[in-house]
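Below is one structure; the comments refer to it alone.
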Amino acid sequence: MFFDEELTIDLTEGYSKLDHPIKVYYQDKNINILITLIKDGKNLLNEDTDEELYAGATLIKPSGKEIFVEGMEVVDNKIVFNIDTEILDEPHEVGKYKMQLHIYEGSMAYSMATRVRSIPKFSFFVKDRIHGSLSEEYIDDPSFLHDIEGALVFDKDGFTITFLE
């Protein structure tokens, strides 16, 4: 596994206490966060059940937009949360995310699950990547960076687009 990250969430005191912050950056892709849920020193996903366990998550992006991530596998008693480019592909997605995990059994589809249990919410930050001046060789059409007078242009979200010399 390439740079997968282990994360333990302790639920003993009634809230989600992460053992360390989740560290991801804008435009990272296919990062697996392997989440262990602990309560009173025991792994909550170590239950004896005849049903397969899965997880889902409600994510609230920095913009306030809510999305649902469905069908996360539970492997070796850990939830596999894959952070992909769908979550981190826009500049306005840099910032604080709120997340609530939902554990379910009986079907990979949340709506078909026979049992569902949610854990308390927690937050993580997606950090911006380092930026410098873009060179023309990395831009398909550099003309979009300037208006006809050569002035710096802003994108639809109000972020400055770097200018070329």
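The values are calculated or read from the model by the stated rules, or taken from the named source; none is laboratory data. Quick caveat, the model's predicted, so the values are computed rather than measured. Note: ideal-geometry Cβ built from the backbone for every residue, glycine included; neighbour counts use all protein chains shown. Calculation scope for accessible area: heavy atoms of the full protein, side chains included, ligands and nucleic acids excluded. Shrake-Rupley method; radii C 1.70, N 1.55, O 1.52, S 1.80 Å.
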- Query: Which of the residues that make up segment 70-114 are of a type in the set (S, T, N, Q) and within 18 Å of residue 31 (Cα to Cα)?
  - Reply: 82, 85
- Message: Name the residue that is modelled with the highest pLDDT, counting only residues in segment 99-128 that are more than 14 Å from the chain's Cα centre (by Cα) and among the hydroxyl-bearing types (Ser, Thr, Tyr).
- Response: 118
- Query: Quick check, is residue 45 over 10 Å from the mean Cα position of the chain (by Cα) and assigned to a strand (DSSP E or B)?
  - Reply: no
- Item | Pair list, Cβ under 8 Å, 6 or more apart: segment 72-96 residue touching a residue at least 24 places away in the same chain (Cβ under 8 Å) and under 15 Å from residue 108 (Cα atoms), other residue open to solvent by 50 Å² or more (accessible area, probe 1.4 Å) and β-branched (Val, Ile, Thr) | none
- Query: Do we have any residue at all in segment 66-73 that's touching a helix residue (DSSP H, G or I) at 6+ places or on another chain (Cβ under 6 Å) and either among the small types (Gly, Ala, Ser) or not in a loop (DSSP other than H, G, I, E, B) (or both)?
  - Reply: yes
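Condition check ((1) in a strand (DSSP E or B); (2) aliphatic (A, V, I, L, M)) across all residues:
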site: 7; (1), (2): yes, yes
site: 20; (1), (2): no, no
site: 27; (1), (2): no, no
site: 33; (1), (2): yes, yes
site: 58; (1), (2): yes, no
- Query: Among the numbered criteria (1) at pLDDT 90 or above; (2) under 18 Å from residue 125 (Cα atoms), which single criterion is violated by residue 56?
  - Reply: (2)
- Message: Looking only at segment 9-37, count every residue that is more than 14 Å from residue 80 (Cα to Cα), in contact with a Lys or Arg (Cβ under 9 Å, 6 or more places away or on another chain) and either among the β-branched types (Val, Ile, Thr) or at pLDDT 90 or above (or both) and tell me the total.
- Response: 6
- Item | Selection count where residues are open to solvent by 90 Å² or more (accessible area, probe 1.4 Å) and more than 18 Å from residue 116 (Cβ to Cβ), scope segment 28-84 | 8
- Item | Filtered residues of segment 76-98 (kept if over 13 Å from the mean Cα position of the chain (by Cα) and assigned to a helix (DSSP H, G or I)) | 91, 92
- Item | Residues being open to solvent by less than 40 Å² (accessible area, probe 1.4 Å) and not in a loop (DSSP other than H, G, I, E, B) - total across segment 9-18 | 1
- Query: Considering segment 92-124 alone, what residues qualify as being of a type outside the set (S, T, N, Q), over 18 Å from residue 33 (Cα atoms) and either exposed (fewer than 13 other Cβ atoms within 10 Å of the Cβ) or touching a His at 6+ places or on another chain (Cβ under 8 Å) (or both)?
  - Reply: 109, 110, 112, 115, 116, 117
